[in-house]
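Trainee: Before anything else, here's the structure in question.
The values are calculated or read from the model by the stated rules, or taken from the named source; none is laboratory data. Computed from a predicted structure; not experimentally measured. FYI the Cβ positions are ideal-geometry reconstructions off the backbone, even for glycines, and counts take in every protein chain you see. Areas reflect the complete protein model, heavy atoms only, side chains present, ligands, DNA and RNA absent. Shrake-Rupley method; radii C 1.70, N 1.55, O 1.52, S 1.80 Å.
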Amino acid sequence: MTVPEDSDSFTLVPVASGAMSLRSVLHGETFHPVVGPMAEARGLHVAQSRIVERAEESGRLIVWDVGLGAAANAVAVLEALAGSTARVELHSFDHSLAPLDFAVRNADALGYLVPWRAAAAQLVEMGRVDAGNVAWFFHPGDFRVEAAPPPPHAIMYDPYSPAANPGMWTLEHFAQLRAQLCEPCTLTSYSRSTAVRVTLALAGFHIGRGKATGEKDETTVAATHRELLAEPLGSEWLGRVRRSTRSAPLREGGPAGPISEADFARLSAGML
Ligand SMILES: C[S@@+](CC[C@H](N)C(=O)[O-])C[C@H]1O[C@@H](n2cnc3c(N)ncnc32)[C@H](O)[C@@H]1O
């Protein structure tokens, strides 16, 4: 298993809302900046992918938590489903347990992990824990090669940014991920970058505008089916892609810059 960070790579930092969060010294990024871990986890991921409503409608839902990190997104799912009778599987992926280990040791300062400390410890030790009606699984290793549990209905996509974690944002990777999705599925992300949205669209996702969080005035909700999106992007966004100087999809080793004619034609054909 790749261990890119150890527990010494993190510090505790207060964010603007007053909540405490983790900062990766190695990547120079704060987890859930500005609004703090739980506000972002609940608003950006759980609410926008309608996890509770969809679980109750169908009686069964599978959620992928990509980048378990310090488990704020996972805890938001456990919390939201605490009173539900739906059967939910939560599959968390990470190639490092260092952030969770750091968060468990600092659970009192972070707050949100306190009620779930025993569950998190069992998850790490056994790879699985039953937390109320949620069966929570941990999959160690590189998500790009290890992801093989049952196909999801919702993906909370939360690696580091494209600048710090480029391999998790490429067209090659998203196309492979999209090919595994055989059930109607949403993918929520803090990114609102045109290049990321273009990359997801060329990989076969429909793209929607997500609500503001922290310093971001928008986020992104992608989906296998357009009907899953509250605010699908359309021709106005295509115009913005055309004018942008940084709209090229994120290909492995590919140059940044404006989108090519060929990619723009494929993008337009897929969206119209
Ligand atoms: C910003 S943190 C996630 C924060 C987390 N979702 C939370 O709620 O606390 C990003 C995480 O993605 C993980 N990660 C990055 N690249 C990965 C990869 N290729 N496979 C698996 N995990 C990866 C990192 O180890 C890190 O824990």
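Trainee: In region 207-235, how many residues are out of contact with any Gly (no Cβ under 8 Å at 6 or more places or on another chain) and at pLDDT below 95?
Mentor: 7
Trainee: Within region 98-111, is there a residue that is farther than 23 Å from MET20 by Cβ and in contact with a helix residue (DSSP H, G or I) (Cβ under 8 Å, 6 or more places away or on another chain)?
Mentor: Checked region 98-111: no residue is farther than 23 Å from MET20 by Cβ and in contact with a helix residue (DSSP H, G or I) (Cβ under 8 Å, 6 or more places away or on another chain).
Trainee: Continuing with this model, one more query. Here are some residues: VAL63, VAL52, VAL75, VAL35. Which one is away from the ligand (no atom under 11 Å from the Cβ) and either assigned to a helix (DSSP H, G or I) or surrounded by fewer than 21 Cβ atoms within 10 Å (Cβ to Cβ) (or both)?
Mentor: Result: VAL52 is the single residue among VAL63, VAL52, VAL75, VAL35 that is away from the ligand (no atom under 11 Å from the Cβ) and either assigned to a helix (DSSP H, G or I) or surrounded by fewer than 21 Cβ atoms within 10 Å (Cβ to Cβ) (or both).
Trainee: Something else about it: Among the residues of region 223-237, is any under 18 Å from the mean Cα position of the chain (by Cα) and not in a loop (DSSP other than H, G, I, E, B)?
Mentor: yes
Trainee: Here is a check on your reading of the model: is PHE93 touching a strand residue (DSSP E or B) at 6+ places or on another chain (Cβ under 6 Å) and farther than 20 Å from ALA135 by Cβ?
Mentor: Numbers: touching a strand residue (DSSP E or B) at 6+ places or on another chain (Cβ under 6 Å): yes; farther than 20 Å from ALA135 by Cβ: no.
Spelling it out, it is not the case that PHE93 is touching a strand residue (DSSP E or B) at 6+ places or on another chain (Cβ under 6 Å) and farther than 20 Å from ALA135 by Cβ.
Trainee: I would also like to ask the following. When only residues in region 104-119 that are of a type in the set (A, V, I, L, M) and open to solvent by 10 Å² or more (accessible area, probe 1.4 Å) count, which is farthest from the ligand (Cβ to nearest atom)?
Mentor: So the residue we want is ALA118.
Trainee: Something else about it: Of everything in region 128-148 that's open to solvent by 20 Å² or more (accessible area, probe 1.4 Å) and not in a strand (DSSP E or B), which residue is farthest from the ligand (Cβ to nearest atom)?
Mentor: Going through the qualifying residues, I end up with ASN133.
Trainee: Just checking, how many residues over region 171-190 are open to solvent by less than 10 Å² (accessible area, probe 1.4 Å) and either in a loop (DSSP other than H, G, I, E, B) or more than 27 Å from ARG243 (Cβ to Cβ) (or both)?
Mentor: Looking only at that region, the number is 3.
Trainee: With the checklist (1) closer than 28 Å to GLU57 by Cβ; (2) more than 16 Å from the chain's Cα centre (by Cα); (3) open to solvent by 10 Å² or more (accessible area, probe 1.4 Å); (4) not aromatic (Phe, Trp, Tyr) in hand, flag the one item GLU218 doesn't pass.
Mentor: (2)
Trainee: Give region 39-49 a look and list any residue that's part of a helix (DSSP H, G or I) and either open to solvent by 30 Å² or more (accessible area, probe 1.4 Å) or of a type in the set (Asp, Glu) (or both), or say none.
Mentor: Answer for region 39-49, where residues must be part of a helix (DSSP H, G or I) and either open to solvent by 30 Å² or more (accessible area, probe 1.4 Å) or of a type in the set (Asp, Glu) (or both): ALA39, GLU40, ARG42, GLY43, ALA47.
Trainee: Is it true that THR186 is among the hydroxyl-bearing types (Ser, Thr, Tyr) and away from the ligand (no atom under 15 Å from the Cβ)?
Mentor: yes
Trainee: Within region 238-272, how many residues are open to solvent by less than 80 Å² (accessible area, probe 1.4 Å) and assigned to a helix (DSSP H, G or I)?
Mentor: Looking only at that region, the number is 12.
Trainee: Go through region 80-103 and report how many residues are more than 8 Å from the ligand (Cβ to nearest atom) and assigned to a loop (DSSP other than H, G, I, E, B).
Mentor: 7
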